[in-house]
């Protein structure tokens, strides 16, 4: 009987990893690439968005060729360093991945899926080291089905890689704190933290939290002060490994536009209250996500109430588990770590005016530790609580994968389908206005359905009254539909667009999508 139980326990992790992989691979390539993923693609290829042709009518398929022609890992590092504000390691690794897997939507995202599944394995080992095998199993299950974890694993970005590295670093850190001081543990802790710093700047929150917790424990317990030298040497080694990149870090931070996207112009009461509300949204998202955006108000209200209800139910069980087992110990390394990481985020939000709570994904450094803390509490509760979390996560994933919940605010998929809905020949002219909108407009183009009768050109913004774009390719002679698409357009679209042998007049009112406006035109042949 004991052997059978041990065998079943050994099967838990492989089954959980299989579940995690299935949920992350489900409809992986179904949704169009969005802005940040296009930046990932271009920088990993060693390219810039300047390669998008201007004033040239091309079928949508031609724009997919921009994702061909892979450069070297060194070119990827150089491109992301000069064109963006991220460390280079993820983009270099993605370059190597694309060399082997190609640059399709699926392969771009599969790299993040790989690290997302590895992170589930890592959280199992962290939970096991902190609270035993049952805690590790609960932590792995929670992360496997978490809509937040799946979301981060399904986007061609660096979050899942940073989470996986952080989890393995935390495993070694906890082992060191517990007295397991082998050279391999020290080197692993140093090396993983250094790697994480080269993946994402926010990884520094994890390093700072580990260091502060370690120093406080050494100073608080006098009998451990004799052990301070190895810890200081390890911290110094991590700093030395990052030192070559430090000047670039400072350049990125202070450069114009480097962190401007985090600065929001809002009333003072919103500046104070919103970060806490946004933090609550991120916490709920780690458990459940239903349609709350781009849906009727009634659906939003019902979804929000259900989400808060499920979250409150599970949170209540977590709190009871803490109190019953005395788990909510601020001296616990993993609890202290979580509080410090969150505190750093809030300090930057309020102290520097850079709202790190603006998007749920920015909580990725505190997410692994919160998962383990929740698993510690739920492991002492009845299994139905875990069942609710699993059901909520799987249902959320289905909604997200079918583009029902967690929509991108500028709706690339929906707008792409709208632009390509007409059966007659269609011309789509997109005007980025500024270079930073090129990825956004390109995401619309790549979301167009494959259609022989669609041609697209990137142009300058249209004039306010009469406008004649300068296009290098011939215009179809038959009746055509024209769409003008511009991000951040303030004034009206032109009342007439002149094409060779055609005049185009507006059909209906402009359509507003967050950050973008679209206007449809019907073109008629002019008399010669």
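No value in this document is a laboratory result; all are computed from the given coordinates. All values reported here derive from a predicted model rather than from experimental measurement. For neighbour counting, all protein chains shown are included, and Cβ atoms are generated from backbone atoms with ideal geometry for every residue, glycine included.
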If 272, 390, 165 are placed from fewest to most neighbouring beta carbons inside 10 Å, the sequence is 272, 390, 165
Quick note on 55, 355, ordering by fewest other C-beta atoms within 10 Å, gives 55, 355
Packing-ranked peptide list from 484-490, 459-465, 155-161, highest mean Cβ count within 10 angstrom first, is 155-161, 484-490, 459-465
Relative contact order of the stretch 37-122 (C-alpha contacts under 8 Å, at least 6 apart) in percent is 29 percent
Under the 7 Å Cα-to-Cβ spin-label approximation, residue 180 and residue 346 lie apart by a distance in nanometres of 3.3 nm
Within the stretch 412-525, the percent of DSSP beta bridges that are antiparallel, given to the nearest 5, stands at 60 percent
With the 8 Å Cα cutoff and a minimum separation of six or more residues, the stretch 412-525 has a relative contact order in percent of 27 percent
DSSP beta bridges in the chain: the antiparallel percent, rounded to 5, is 60 percent
The rounded separation in angstrom of the Cα centers of the stretch 411-488 and the stretch 363-399 is 43 Å
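Exposure proxy check: 86, 200, 323 ranked by fewest other beta carbons within 10 Å? Don't skip to the answer; put the middle values down first.
Working: 86 20, 200 24, 323 11.
Fewest-to-most Cβ neighbours within 10 Å comes out as 323, 86, 200.
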Given 137-150, 25-38, 203-216, the highest-first ranking by average Cβ count within 10 Å works out to 137-150, 203-216, 25-38
Cα-based Rg then Dmax for the stretch 412-525, in Å, read 12.9, 36
Computed over the chain: longest principal axis from alpha-carbon atoms vs helix 89-101 long axis, angle to nearest 10 degrees, is 70 degrees
Tilt, helix 183-197 to longest principal axis of the chain (alpha-carbon atoms), in degrees rounded to tens, equals 30 degrees
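Show that you can apply the helix-only estimate: for the chain, add -39,500 (n - 2.57) for every DSSP H stretch of four or more residues, divide by all residues, and state [θ] at 222 nm to the nearest 500. Please list the in-between numbers first.
Values: 20 runs with 301 residues, N = 528.
Using -39500 (n - 2.57) per qualifying helix, the result is -18500 deg cm²/dmol.
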Tilt, helix 2-25 to longest principal axis of the chain (alpha-carbon atoms), in degrees rounded to tens, equals 20 degrees
Length gained if residue 316 through residue 526 is fully extended, taking 0.36 nm per residue and subtracting the Cα-Cα distance, is 68.6 nm
Placing each pseudo-label 7 Å from Cα in the direction of the beta carbon, residue 271 and residue 72 end up separated by a distance in nanometres of 4.8 nm
Given [x] 87, 50, 46; [y] 95, 51, 50; [z] 62, 56, 45 as possible values of Cα extents along the principal axes in Å, the one from the coordinates is [y]
Contact order relative to length for the chain, counting C-alpha pairs under 8 Å separated by 6 or more residues, stands in percent at 18 percent
